[in-house]
Structure formats: C-alpha cells, structure tokens
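The values are calculated or read from the model by the stated rules, or taken from the named source; none is laboratory data. Just so it is clear, the model here is predicted, and its values are computed rather than measured. Note: ideal-geometry Cβ built from the backbone for every residue, glycine included; neighbour counts use all protein chains shown.
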Amino acid sequence: MFEALGLSRTEEQVYLRLLRHGPASLATLAAATALTRRNLKGAIERLNALGLVSSLRQERLMAVPLEIGVDHLIQQRRHDLEVIRHSALRLGLELQAASDTATSGQITVLTSPHEVSLALPQLCQVAEQELRILVRSPADGYPIPEAAQGVSRKVALDLSLAELSVKGDAEVRLARDLPTNLAIADREMALLPLEQNALIVRRGNLFDALEALFEAVWARGTPLAQEPNDTIDMQDRELLSLLVAGLTDDAAGARLNMSRRTVARRVQRLMMVTGAHSRLQLGWWARERDWLS
C-alpha cells in the first residue's frame, strides 16, 4: 500500500499495526509482528524520522493519524520527483551533442524535432504488455497514445486535464501537480520529454527512478469517474469531511444523526460512484473534486 511512497514492507507493517490497534510498547509490537528486535527498532527509527510515529510516556509508541501521515509522505515524494525531473533535465543538456542524436549507454538524447515527434509512436510499438503514461500537458508532440491489441494502459492525468478524453481501453487516474510528461513501455524503456528535446531511457538507475516516479503518482491518483449531478448532497460532504478528519463511523454518524449502517451504506455508494478501491482513495478523490465541506 505504501511502498510507492517510500516505506518498506516492514515499516508499513509496523505503522499499520499501530494505526489499527493503537499505542503499543516495543515488546507488544515485537510479539504482534514477529519481527526481530533489531528490525523492529530500525523500522521505528525510520517511521519516526518520517514523522509517522511519535513516542508516548512509558516507552509506548503511537502512529500519526493516517491522513496526516500519508499527506506528509506524498509531499516528501513530490519533492523527490521534482529533484528527479530537474536531474534528468540537467543530464539531457550534458549529454546533448552537436548531432541530432546523442547516445550514452542507457540514455539516448533526441534533439531533432522530427525524431522527437516520432519517439512516442515508436515507443508504443515496442510495448508488448503495458504502457504507463503521465500526461502533464498534452501537446501536438505528446498526444495520449493508443496501445496495440493486448497491451494494457495506465494513464495518469494532471488534475487540470480532468475533462480530457482518453480514447480506447485504459485505466485512468487523476493526480495533482504532475511533474512531467512520461511514457514507459513494459519495464524496458521510457520516454522523457524535456524542454526542447527528449530522452529515451533504457533499464538502469535513471529508468528505475522514472518508474518510481510513475508508481508514486499512480499511488496517490484517484480513478477518473463521471460525477452525476445528484451524486453528492450536503450530508455526503459533511460525512466525508468528518471521516477524512479521522472520526470513526460511529462518531461521524453521531454528529450527523446517522446509524452506523447508514454511514457504511453512504460510503459504499460513494466508492462505487468514484471507482475508489478503498476509503483512503475515496478521501483523495473527494479532495481532488472539492467535495469536502
């Protein structure tokens, strides 16, 4: 769940245990997670450094509320993605030679406008299983490509492009403040458009960073869905706001004079409408659509 945001499985296990069961001592956590003391202490130190866990009296540990913790992770990853983008821009300038195409190991710099315009269609042709695409700002040289038959597509659109039509079968999500346009074919090759040219990136450190960039954006994205005019009423907005603020179903229901069953039914309906797979995803979808009162 949180791997795309930089947590290891061990760190995620400890954080979720504290979220679900409340404050606990190191001994209680060790027994519950079956982790060695060394691994557990390492996970707690990292969670503490990330601002996800705080210490209480009597050596007990408490998880920071989910919404606050995830928002902090996303802001940190967003910063990391910007660093990757600027590093790629600098690398492209360093590799650029007098010729139209400069190649250095796993990276090819395209500087000819003709080559840049052909790069995306050619990348789509080599994809055999999956295309992963970030669309920050579509342009004549960077349309949203269609995939060959049998090739799946994941397309993450910047929130400002929510009304953009994506032709053909594709899983589409919206995310705020995408750092760049990007296309990845299978797990072999990526296209990174730059200011005046483009990079073709093959497997290696930069490719791994670009792949992590896509997965981080995808993890925080919300499914693109049509919003019927009568989908959201004021009680839905109030309920979502209370749940995102960290209230339990019972507490939110008491505030709104709803039974637990009514709360669950409303949440389930909103998840179906938005296409959200979890309450966390529903919360982000509500933020993107300004549904929170």
Among the residues that make up the stretch 101-109, is at least one of them modelled with pLDDT of 70 or more and on the phi > 0 side of the Ramachandran plot?
no
So Gly253, is it small (Gly, Ala, Ser), outside the structural domain of His79 (by TED's automatic domain parsing) and either in contact (Cβ under 8 Å) with a residue 40 or more places away in the chain or within 24 Å of Leu161 (Cβ to Cβ) (or both):
no
Under 6 Å between Cβ atoms, which residue pairs at least 6 apart in sequence (or on different chains) link something in the stretch 13-29 that is assigned by TED's automatic domain parsing to the domain that holds Leu40 with a partner that is in a loop (DSSP other than H, G, I, E, B) and surrounded by fewer than 13 Cβ atoms within 10 Å (Cβ to Cβ)?
Pro23/Leu56
Candidate set: the stretch 252-270, residues that are polar (S, T, N, Q) and on the phi < 0 side of the Ramachandran plot; chosen: the one farthest from the chain's Cα centre (by Cα):
Ser259
Tell me, yes or no, whether the stretch 241-261 has at least one residue that is farther than 17 Å from Leu292 by Cβ, buried (at least 16 other Cβ atoms within 10 Å of the Cβ) and among the hydrophobic types (A, V, I, L, M, F, W, C).
yes
The stretch 262-293, subset of a type outside the set (Lys, Arg) and not in a helix (DSSP H, G or I), residue surrounded by the fewest Cβ atoms within 10 Å (Cβ to Cβ)
Asp290
For the condition at pLDDT 80 or above and loosely packed, with under 12 Cβ neighbours inside 10 Å, what is the one hit in Ala49, Ala43?
Ala49
Which condition number does Leu191 fail, the rest of (1) over 18 Å from the mean Cα position of the chain (by Cα); (2) part of a strand (DSSP E or B); (3) modelled with pLDDT under 90 being met?
(3)
